[in-house]
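Quick note: the coordinates plus some simple rules give every number you see, no bench work behind them. Note that the coordinates shown come from a computational prediction; the quantities given were computed from them, not determined experimentally. Because the Cβ atoms are built from the backbone with ideal geometry, glycine has one as well, and the counts that use them run over all protein chains shown.
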């Protein structure tokens with residue numbers, strides 16, 4: 001049967017690995033301790049102001065060369081050239097902003113050339129009183145549409161996975177936004193992966209137990225070593241979650 | 001790009017530090033705000049709190065009025081003494097054992113206890129403590145990650161066991177030294193979210209491995225919200241009620257306890273002071289690794305505090321930082337290596353792995369800082 | 001000499017990294033003429049069936065594959081590289097494959113109600129017939145899948161391994177020296193690299 005995934009998300013600012021809090025770079029780290037064996041998948045996101053700089057592309061080269069699990073890359077993909085750039089470098093999938101729900105043509109072009117399963121759409125959300133809205137531009141701009149609406153629209157146009165991230169939970173270590181995730185995953189048949197708030201292994205378990213979520217993403221640098229990932233997987237296995245050894 | 005605070009010399013590579021438009025760090029901004037605070041009012045607030053505490057103890061027939069997390073150093077000792085001698089409270093001192101105990105720290109604890117304090121001294125399983133110290137030194141360049149968890153959770157656990165709902169911490173690190181303040185209230189009362197995020201960075205429950213079971217982590221795991229809320233424990237920062245100054249704390253302790261000792265070997269390696277952070281032999285390595293990872297060492301740390309208290313000029317601070325930050329933690333080095341079960345060459349390899357390419361570059365087989373203060 | 005097919009679609013860089021990792025020398029084959037001296041062929045594939053097969057035909061690589069199959073040259077088709085070996089696919093219309101091995105691809109949407117598409121992530125392969133591809137690899141090992149279409153009609157004798165996703169779907173098939181895998185061995189870490197090595201050394 002299909003296993004649940006644990007996905008390491010690495011955010012880079014001008015070529016330096018950072019963890020973020022509420023989408024702002026917070027704590028710098030070095031890539032020397034990132035496990036590439038036990039992890040199920042790796043996502044690299046460029047959070048620099050000036051993207052596509054050599055410093056990030058060098059990082060991409062490093063992971064393409066050394067990583068034998070799926071590698072997804074994102075950050076500033078706004079046209080076909082930029083998508084091509086990352087795929088040519090060796091990305092298996094790209095992560096694009098949900099603002100692309102407006103750019104159907106681009107999504108279709110990428111789909112046609114690389115397959116819809118090569119596209120992960122990042123759905124960054126923020127809670128506003130009773131409901132959620134989707135945001136973009138690193139959390140600075142509000143799209144003013146509901147996450148479900150955008151998720152459905154983009155899935156219909158064509159994407160492989162949706163990555164749900166709650167800006168408030170980002171870096172909090174207090175757990176995922178289960179309400180948001182449950183809402184979206186029960187309304188669209190797209191594989192969903194979630195990011196934002198992973199603290200202890202119970203948070204991962206809660207995520208897998210309340211929804212048919214595909215993968216748990218963590219941006220928490222303390223989850224990146226093989227010891228940590230091993231520990232997380234053993235915990236999940238002991239609670240009957242199907243996960244790759 | 002590394003930038004420095006225009007008032008003190010802390011770089012922006014310090015985790016969570018924030019600079020305003022004038023490139024002044026939040027520790028400096030905060031210390032400026034401190035001079036504008038009506039400390040008389042805060043003192044009054046404190047007196048009310050003390051009365052409330054005494055009332056509670058009387059009503060519940062408690063032997064101790066409050067818990068003071070205590071290392072034996074000048075900061076926690078000054079609080080213990082003030083609470084007892086100036087305010088007539090009976091604090092229970094809670095200590096989480098240093099990794100490698102230093103004679104100076106031990107002697108200072110004995111001296112303070114002679115004045116009349118009870119102390120709960122928690123010394124955890126050394127097999128587990130060493131494994132964790134080694135693991136996190138390798139993975140995070142910080143041998144004290146687990147210790148941080150222990151020193152944070154022990155006072156809370158003892159408070160719950162003894163049913164004492166008041167804890168007095170020293171200073172609020174994030175606002176005093178540059179970091180992220182979650183909200184205004186957290187300057188007065190300790191916010192649990194802050195503890196996990198900033199103090200420890202991880203949940204000790206996650207450290208279960210082939211060699212470590214959940215029961216081995218008892219001393220590190222923070223009590224649950226349920227337990228804390230049931231008793232209604234509040235942890236206060238002394239620095240909210242009284243203007244915090246490292247130097248003044250030291251002077252106060254020396255006055256009440258002339259036998260308080262400084263570093264017997266003189267100046268502490270990596271800095272210019274001899275009276276701060278002395279009770280764990282691993283501390284020099286701890287601060288040295290901060291320098292490796294973030295580019296600021298113990299001298300920077302100590303001098304920034306003094307600048308903020310108007311006890312040193314920025315120029316002098318720069319001199320001291322350039323001179324001492326990079327000093328190798330040679331004191332007790334063999335003992336530290338042994339504690340971490342590492343050989344010399346393994347040690348060097350690990351240290352180098354933690355050098356961030358933003359801060360370090362290699363020049364003719366030597367490591368050099370990418371910047372100059 | 002191993003020939004790695006590159007027709008300008010998708011990511012064959014992963015395969016290059018993987019082959020380098022297991023110390024295999026190979027040459028990139030972009031047009032029909034590039035296949036001289038090639039005694040084993042690997043066809044990676046991502047993207048849409050229709051576009052992929054069109055490009056193969058434009059470069060006349062389709063003929064090379066058919067001829068190689070006839071000559072018993074071992075061929076490994078990965079994901080879309082697998083799909084085009086078969087008869088037909090109903091992806092974005094109705095496309096004919098190379099028909100070297102018999103079978104039709106249909107959308108996973110038709111498999112069960114409310115199924116999540118694409119089938120993405122790690123899933124295990126149940127070996128039904130012994131295969132050199134799995135030498136030294138445990139039965140039910142996990143491999144990385146990422147696809148929206150599955151092999152519906154096929155010859156039972158060709159079926160080597162199946163995978164459970166709602167229902168059983170074929171994950172490995174073999175006809176003579178043609179090996180087809182629905183998953184991505186180049187993205188399947190240790191087991192994936194072993195499988196590639198097995199193809200190179202034992203098939």
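Averaged over peptide A:233-243, how many Cβ atoms belonging to another chain are found within 10 Å of each residue's Cβ?
1
Ignore the peptide's own chain and count Cβ atoms of other chains within 10 Å of each Cβ in C:49-55; give me the average, rounded.
The mean count of partner-chain Cβ atoms within 10 Å per residue comes to 1.
Considering only the protein assembly as shown, what is the antiparallel percent among its DSSP beta bridges, to the nearest 5?
Of those bridges, close to 45 percent are antiparallel.
For the range B:37-241, what does the equivalent ellipsoid look like in terms of its semi-axes, each the square root of 5 times an eigenvalue of the Cα gyration tensor, given largest first in whole Å?
28, 19, 17
Rank the residues C:162, C:171 as a footprinting-exposure proxy: fewest other Cβ atoms within 10 Å of their Cβ go first.
Starting with the residue having the fewest Cβ neighbours, the order is C:162, C:171.
If you build a Gaussian network model of chain B, linking Cα atoms that sit under 10 Å apart, which residue out of B:295, B:201, B:73 swings the most?
B:201
Roughly what angle does helix B:314-324 make with the longest principal axis of chain B, taking Cα atoms, 0 to 90 degrees, to the nearest 10?
For B:314-324 against chain B, the angle is about 70 degrees.
Once the cut-off is 30 Å, how many percent of the Cα-Cα pairs in the range A:5-238 end up in the long-distance tail?
Beyond 30 Å sits 17 percent of the P(r) for the range A:5-238.
Would you mind putting A:103-114, A:6-17 in packing order, based on average other-beta-carbon counts within 10 Å, highest first?
A:6-17, A:103-114
What does the helix-only formula give at 222 nm for the protein assembly as shown: each DSSP H stretch with n ≥ 4 adding -39500 (n - 2.57), the total divided by the residues, and the result rounded to the nearest 500 deg cm²/dmol?
Computed mean residue ellipticity for the protein assembly as shown: -10500 deg cm²/dmol.
Beta carbons within 10 angstrom, averaged per residue: use that to sort the peptides B:299-311, A:76-88, highest first.
B:299-311, A:76-88
Please say if the protein assembly as shown is rounded, prolate or oblate, where rounded means a/c under 1.5 for a ≥ b ≥ c the square roots of the C-alpha gyration tensor eigenvalues, and otherwise the choice is prolate for a/b larger than b/c and oblate otherwise?
Because a/c hits 1.5 or more and a/b exceeds b/c, the protein assembly as shown counts as prolate.
Helix B:344-353 versus the longest principal axis of chain B: what angle, 0 to 90°, nearest 10, using Cα atoms?
Taking Cα atoms only, the helix is inclined about 90 degrees.
Report for the range A:75-147 the percent antiparallel among DSSP-assigned beta bridges with both residues inside it, nearest 5.
Of the beta bridges lying entirely in the range A:75-147, close to 65 percent run antiparallel.
Can you pull the one-decimal nm distance between simple spin-label points at residue B:261 and residue B:230, each 7 Å off the Cα toward Cβ?
4.3
Find the relative contact order for the range B:37-241 and round it to a whole percent, using C-alpha pairs within less than 8 Å whose residues are 6+ positions apart.
23
Would you mind listing how long the range A:142-182 runs along its three principal axes, going by Cα atoms, in whole Å with the largest first?
Principal axes ranked by extent give 34, 23, 16 Å for the Cα atoms.
Let a ≥ b ≥ c be the square roots of the eigenvalues of the Cα gyration tensor of the range C:123-203; is it rounded (a/c under 1.5), or, if not, prolate (a/b larger than b/c) or oblate?
oblate
Restricted to Cα positions, what overall size does chain B have along the principal axes? Three whole-Å values, descending.
Principal extents (largest minus smallest coordinate, Cα): 70, 52, 39 Å.
Please work out whether the range C:54-198 counts as rounded, prolate or oblate from its C-alpha gyration tensor, where a ≥ b ≥ c are the square roots of the eigenvalues and a/c under 1.5 means rounded, while otherwise a/b larger than b/c means prolate and anything else oblate?
Because a/c hits 1.5 or more and a/b fails to exceed b/c, the range C:54-198 counts as oblate.
Over the whole of A:27-40, what's the average partner chain Cβ count within 10 Å per residue? Rounded to a whole number, please.
Taking the mean over all residues of the peptide, I get 4.
For residue B:35 and residue A:245, what does the FRET efficiency come to when R0 = 51 Å and r is the distance between their Cβ atoms, rounded to the nearest 0.05?
The formula returns an efficiency of 0.30 here.
Relative contact order for the range C:35-104: what percent, with Cα pairs under 8 Å and sequence separation of 6 or more?
Dividing the mean separation by the residue count of the range C:35-104 yields 34 percent.
Can you give me the pair-distance distribution of the range A:22-110, C-alpha pairs, 10 Å bins, whole percents?
For the range A:22-110, the pair-distance distribution reads 14, 47, 32, 7.
In percent, what relative contact order does the range A:5-238 have, based on Cα pairs under 8 Å that are 6 or more apart in sequence?
Taking the mean separation of contacting Cα pairs over the length of the range A:5-238, I get 19 percent.
In whole angstrom, how far apart do the alpha carbon centroids of the range A:172-205 and the range C:1-48 sit?
Their Cα centres are 39 Å away from one another.
How big is the Rg/Rh ratio for the range B:270-369, C-alpha atoms only, Rh by Kirkwood, two decimals?
In the range B:270-369, Rg relative to Rh is 1.00.
May I ask you to order B:88-96, C:27-35, A:31-39 by the average number of other C-beta atoms within 10 Å around their residues, highest value first?
Descending mean neighbour count gives B:88-96, A:31-39, C:27-35.
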